[in-house]
Amino acid sequence: MKKLIYLLVFVLCISDLNIVNAEAPKNKHILIIYSKDEPKDTVQVRILDSLLGHFSNNITIIEDNKLDTINKSKFNYIFYINLTAKRLSSEVGSFVDDFKGPVFIIGGSIEQSSKRFNFIKTNGETLINSVTLLSNHLEMPCSEDRIIVNINPDTSAELLLLGRKKEGGNIPLLVKKNQSYYLGAESLFDPIGRALGEILFSFFNQPSEKQLHKYLRLEDVNPKADYEVLMKIAKYLKNKQIPYMISLIPVYLNPKTGEEVHLSDSPQLVKTLQYMQNNGASIILHGYRHQYSNEETGEGFEFWDVKQNRPIMQEQSQLAKVREDFSTEQKYQSYLIKGKAYEKKYITEAIQSGVQELVTHKLYPLAFEAPHYSMSQMGYKILSKHFSTYIGQVQLTDQTWEGVYAPIYDSTPHFLYGMKLLPETVGYVVDGDKNSIKNIRSTVLYNKEFSDAYISGYYHPYLGISNLKKLVNIMESVPNAEWLDLKNSENHVSVPKITLTSSHGKVIVKKSFISSDYERNYILKKIVLWIGVFLLLLCLIVYKIVSKKMRKKTTSID
């Protein structure tokens, strides 16, 4: 009996251990501390946020001067990123020294401020032109020279990343000792971010399996798209049993010609899109008009004023104003407040109208992609109330639309307010560029070396089917990579009177009988059309009856 009791206790302990291990990723409470000189410096914080979002959706971000406002005991991991020319402050040094868990410091001088990192000395800066990940001896060239901190670690430190100096020779870039990591980088743009993302698997003690994911996206489909070309692509992908995505724009608009086309004006296209949805495709809402100001749909931005390089703050017909247009700072701040209110209303209406129009035509968007990947922080916050999934790359700052980013794996970063990011990682086939396919092939071969990586790109259907087949062949050649079917994952979309959810290959639609003004008008047009057809048929029948009687009467008189 005692042996049996001991055995049961042992089994329960093992079971509890397994439960703890299984739930560990959910229990990662990560704190990111940062020091900055300028608002644009937060770009690097958001890159770090997007990298960490693969391992936890519980991330807190604070500036270094607010450490006294938090309780560090509730965090399992600490990251500190120094975006200034200053040394690590004594406050941050004491904070990380007292922390019992893993600590990761990025950038800046740290000696004399932290006993925990006394195994490192820094000495100025240098330039590198490539990064080598020592775990798999993968060397990654930099698109331009990068400034890094000269690190002199002692012999007790373990080297994880090396940088190739511009003048030749290697230099330590990332080192660790026990649970203390230091990365001597000032920028986390790839390839440094890509390498850091790989190292985070060991930092979090998470298995780094080479499980690859791939997806194909048909881009910029709008009501003027050629439905015959789309049908050819649909049948090709169906025969290949490849699931895919369609980035769909509900409205085509050309302000220069005054042309406006809705899906209700393109019934053959709607039938084609419904066929595609029923045979492997998942719909992505790609904005509402994919344009702003005088730009044509597909060419223009929609949620970013690219001329002023700032969020949308006024109607396209109104003059955009800047600080110099106001006599006082108070008047300018009042203008900004009104501008933010306009942006909120503008984005909300576009998202809701887009979903409503698609659903009217039995097309069910499961995720969102911002035109040209451009959207402000307010935009992401608004979007997160309607969509659980975001596709593509993300804008990192409200200072400029340039410099979008995506990690190589999926992520739930803090700055997307709970949305899951499914990244685009290999680019697209460029019209007229003979090297485009070759460049994609090289990128795919490079990406497959990373853990949990996405091999994901997009294609414009108007280019025809031949180059699409080349792109598909490249993506099919990747071993151990599964095609992503968005319908198999959990996605949630919600606007007034409409809720869409997906999982296990099914999409569940809950909506009011008439869920929008667009649907009401669409139904009324169909009713009017059917009444017109009915009256026409009735007139034909009456005409035939009268004609027949007239012929009989004529015969009788004869």
Kindly provide the pair-distance distribution of segment 519-558 built from C-alpha pairs, with 5 Å bins from 0 and whole-percent values in order of increasing distance. 6, 22, 13, 14, 10, 10, 8, 6, 5, 3, 2, 1
Rounded to the nearest 0.05, what FRET efficiency do Gln333 and Lys40 give with R0 = 25 Å and r taken as the Cβ-Cβ distance? Could you check? 0.75
For a paramagnetic label modelled at 7 Å from the Cα of Lys256 toward its Cβ, which residues of segment 279-314 fall within the zone defined by backbone nitrogen distances under 16 Å? 291-301
Okay, which of segment 503-517 sit inside 17 Å, backbone N to the point 7 Å along the Cα-Cβ direction of Thr348? 517
Using the Cα atoms of the chain to build a convex hull, what is its mean projected area in square nanometres? 41.6
As an exercise, use a Förster radius of 56 Å and the Cβ-Cβ distance of Glu449 and Ile531 to find the FRET efficiency, rounded to the nearest 0.05. 0.35
Dipole in debye (nearest 20) - segment 216-316, about Cα centre, beta carbon charges: Lys, Arg +1; Asp, Glu -1: 560
Counting only DSSP beta bridges with both partners in the chain, the antiparallel fraction in percent, to the nearest 5, comes to 50
So in segment 26-203, what percent of DSSP beta bridges are antiparallel if you round to the nearest 5? 55
Full extension between Asp226 and Ser466 adds, at 0.36 nm per residue less the Cα distance, a length in nm of 84.8 nm
Any idea how far the Cα center of segment 42-97 sits from the one of segment 318-395, in Å? 29
Note down the nm distance, to one decimal, between modelled labels 7 Å out along Cα→Cβ at Ile437 and at Glu139. 3.0
With only helices counted (DSSP H, runs n ≥ 4, each -39500 (n - 2.57)), the per-residue ellipticity at 222 nm for the chain, to the nearest 500, works out to -11000 deg cm²/dmol
Take each uninterrupted DSSP H stretch in the chain, measure its Cα extent along the helix axis, and return the ones at 20 Å or beyond whose mean Kyte-Doolittle hydropathy is at least 0.0. 2-23, 517-557
How far apart, in nanometres, would the label points at Thr499 and Lys210 be if each is projected 7 angstrom from Cα along the Cα-to-Cβ direction? 4.4
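Which net charge results when you count Lys and Arg as +1 and Asp and Glu as -1 among the other residues whose beta-carbon is under 14 Å from that of Asp305?
-2
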Where the only charges are on Cβ atoms (+1 Lys, Arg; -1 Asp, Glu), what is the dipole of segment 60-215 about its Cα centre, to the nearest 20 debye? 260
If I take R0 = 60 Å and measure r between the Cβ atoms of Ile541 and Glu315 in this structure, what FRET efficiency does the formula 1/(1 + (r/R0)^6) give, to the nearest 0.05? 0.70
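A short reminder: the numbers here are calculations on the coordinates, not readings from a lab. Keep in mind the model is a prediction, meaning the values are calculated, not measured. Heads up, the Cβs are rebuilt from the backbone with ideal geometry, glycines too, and the neighbour counts pull from every protein chain shown.
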